[in-house]
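Q: Encoded as structure tokens, here's the structure I'll be asking about.
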Amino acid sequence: MPLEGGHLALDFVNTVGGLRDQPPSPGDELLESYEDLVVWCVRLGVISDGDGGKLESAAARDEKGARRALRRALELRDLLYATFRPLADGAEPPAELLDRLRDADRGALANARLAPAGDAAGSGPHRGDAASSRSAMSWTWPPPLALDDPLRPVTHAAVELLTRGPLEQLKICGNCRWLFLDQSRNHSRRWCSMQECGKQMKQRRFVERRRANRSVRTH
């Protein structure tokens, strides 16, 4: 699964593909099971590999609970996309969505604690951030117990992006629906990935130019 968002919340949003101005199809879904969600969370450092294994075992014992947790993850993803997509398009997200995200963040912080950044006893996207100041504090979460606990750091990461930015770098791919932070030197990035959408769009323009040239010659 490519990680092109440049931020935890955006990489979570990008776990479903599809063209920019069309709804995603079932084949665009990258989180097809609860196990897929766990693998993603481990890869992004939201939870440890050991905690991921425990969650997978718990999900195997509680299949209905695993389906509920996956459904909550997809609902959160829809909320985040509906919040960040307008910002990428130069508009403002609806106030009711911001209220929903605020309420979700309250729940996300219910069992979080503040600890020095990089505290090995914590977990979440800030864990092990060696670049943080020694005096800096960050939110950390205990090892997950409920199947949807890994969604808490993701929820708070989205709120941090909204409140701390850099929203001026937020863009949407020129071809697909993926969102990303443009961290290029001259802020000219247009694609989620040059290897994927950038290459496709260049090939499409090449074909369109050839068609246009043929049309001119035939007339």
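Q: Could you please state how large a percent of the accessible area of segment 141-182 is carbon and sulfur, counting protein chains only and using a 1.4 Å probe?
A: 56 percent
Q: Another question, if that's okay. Given a 1.4 Å probe, how much area per residue of segment 1-58 is accessible, in Å²?
A: Value returned for segment 1-58: 45 Å² of accessible area per residue.
Q: In whole Å and largest first, what semi-axes does the C-alpha gyration tensor of segment 44-85 yield when each eigenvalue is scaled by 5 and square-rooted?
A: 24, 15, 4
Q: Also, I was wondering about something else. Note the full-extension length gain between Arg100 and Arg113 as 0.36 nm times their separation in residues minus their Cα-Cα distance, in nm to one decimal.
A: Extending this stretch completely gives an extra 2.5 nm.
Q: On the accessible surface of segment 60-105, probed at 1.4 Å, how many percent belong to carbon and sulfur atoms?
A: 48 percent
Q: Oh, and also: Give me the Kirkwood hydrodynamic radius of segment 9-51, using the inverse of the mean 1/r over all pairs of distinct Cα atoms, in Å to one decimal.
A: It works out to 11.4 Å.
Q: Order the peptides 64-73, 12-21 from the highest to the lowest mean number of other Cβ atoms within 10 Å of their residues.
A: 12-21, 64-73
Q: Over segment 1-102, what is the mean sequence separation of C-alpha contacts under 8 Å (at least six apart), divided by residue count, expressed as relative contact order in percent?
A: Computed value for segment 1-102: 19 percent relative contact order.
Q: Apply the Karplus parameterisation 6.51 cos²θ - 1.76 cosθ + 1.60, with θ equal to phi minus 60°, to every residue of segment 28-34 and state each ³J(HN,Hα) to the nearest whole Hz, in sequence, with x for glycine and proline.
A: Values, residue by residue: 8, 6, 9, 10, 8, 8, 5 Hz.
The values are calculated or read from the model by the stated rules, or taken from the named source; none is laboratory data. Please read all numbers here as calculations on a predicted model, not as lab measurements. Note: ideal-geometry Cβ built from the backbone for every residue, glycine included; neighbour counts use all protein chains shown. The area values use the complete protein model at the heavy-atom level, side chains included, leaving out ligands, DNA and RNA. Shrake-Rupley method; radii C 1.70, N 1.55, O 1.52, S 1.80 Å.
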